[in-house]
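First the structure, in the form of structure tokens, and then the observations on it.
The values are calculated or read from the model by the stated rules, or taken from the named source; none is laboratory data. The structure displayed is predicted, hence computed values, not measured ones. Cβ coordinates were reconstructed from backbone atoms using ideal geometry, including for glycine residues, and neighbour counts include every protein chain displayed.
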Amino acid sequence: MAWCDETFQVQLARPASWSLDPSDPHRFITAGTFLLVSARGSGPGPQPSGLKPPTLTFLCSLAANHVLKPFGTNPPIQMLLIQGHEGCLIMAVDQQRNMAELVVRFPTPRLSYEFLTVDTDVLTMRQVIPTIRFTDESWLTWAQLDRMHPVLQQSDGLAPLAPDPGAPDRLSFCAPGAIRSSTDGGVSWSDVSVQAAVAASLATDYPIVALGPNPQPFSSPVCDQGIVDPGHQSVAYASFDVVRRGQVPPPFSRTAYQTLDGGRHWQTVPVPAGSTMADFGGFAVVGPTVEAIFYRSDIRAFTLSPTQIWIVEKTTDGGLHWTTGNQTCPSVGPCATWSPARWANCAGGVIAAQWVQYSQNHGATWAIPLLPDVVHHCLPA
């Protein structure tokens, strides 16, 4: 697994049988123990009142005697070198606690973090230490970066401009009252009206209406995400932000619609078993396949790992038939993408996240890297 700060990637080995803790993306667990990888800053830059940054010895002593750490009174601190970089190993006095913490200074001070920390049991720690490697990513200017290409259909939240990574000339975005699309890289554009989606929504519990004392249907609705089927120009898909009938937001929800006749009629995308129409997470286009991704309706129980919290519906015949399957790897570039996007209300405490995920077996299963791992809609990226 790997952990990254601004310029360094830290690689280390862990037991393959351990699983990611659903409540903490930096923590791996197994029966009776855990492995936690994090970092600590010592305040690089000018210090208050001219104070110098704390030394490694001071930080190790501080960690060893922290009241919330399971090390006991005056635990032994062993100074050591990890790949030539100074560090310390703290082990619990009481062997029954069997816990240890490793603190290692990064090769050079970083902007935010200066020390890598690893917490686990003593036996696992002794196995992990020899595997730690620092890879200097070095700082690059924008001019030094290679030309970047899109490798996924949406980033944080639902993308207002939806590219197909396998067909860079095919673009679409939501305009007032329509989905506007291009097949020639933006030289020419055509519209698919979404007005009839409003009428279709009025028969559901989540109407597309303007909010207020007397909610009224939108005269020019704007979708949240809109795409045109890559193989069927008269077929389009749209997502809308909505509120359950009779309720006052927040929260909002997202619903998914499709048209098979160029916008004259719209209908809801079939909802898979285990989800609801209000738990829609976004569309993705991979080659000839369109994916509609739904959150499981039990996601709020937080009982599932991040790679198990959505259901993927796929169509390759322009929305006539949908089948449940796995997310598909992007048609070009690495097999890495974002998880679907859930609506977030930061002021109301409804914090949603999008996970970075990758597959090493062509999309059969997906995993989440240690870092960078997630973007929180309501927190600094």
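Yes or no, residue by residue, for (1) under 30 Å from Phe252 (Cβ atoms); (2) outside any helix (DSSP H, G or I); (3) at pLDDT below 75; (4) not assigned by TED's automatic domain parsing to the domain that holds Ala100:
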residue: Ile129; (1), (2), (3), (4): no, no, no, no
residue: Gly185; (1), (2), (3), (4): no, yes, no, yes
residue: Val192; (1), (2), (3), (4): yes, yes, no, yes
residue: Ser220; (1), (2), (3), (4): yes, yes, no, yes
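With respect to being modelled with pLDDT under 85, surrounded by 15 or more Cβ atoms within 10 Å (Cβ to Cβ) and among the charged types (D, E, K, R), Asp373 fits the description. With respect to (1) under 30 Å from the mean Cα position of the chain (by Cα); (2) at pLDDT 90 or above, the lone exception for Asp156 is condition (2).
Condition check for Asn345 on (1) within 20 Å of the chain's Cα centre (by Cα); (2) at pLDDT 85 or above: one failure, at (2). The residue of the range 50-107 that is modelled with the highest pLDDT, among those that are in a loop (DSSP other than H, G, I, E, B) and of a type in the set (Lys, Arg), is Lys69.
Reported count of residues in the range 230-253, each being over 25 Å from Trp189 (Cβ atoms) and either acidic (Asp, Glu) or outside any loop (DSSP other than H, G, I, E, B) (or both), is 2.
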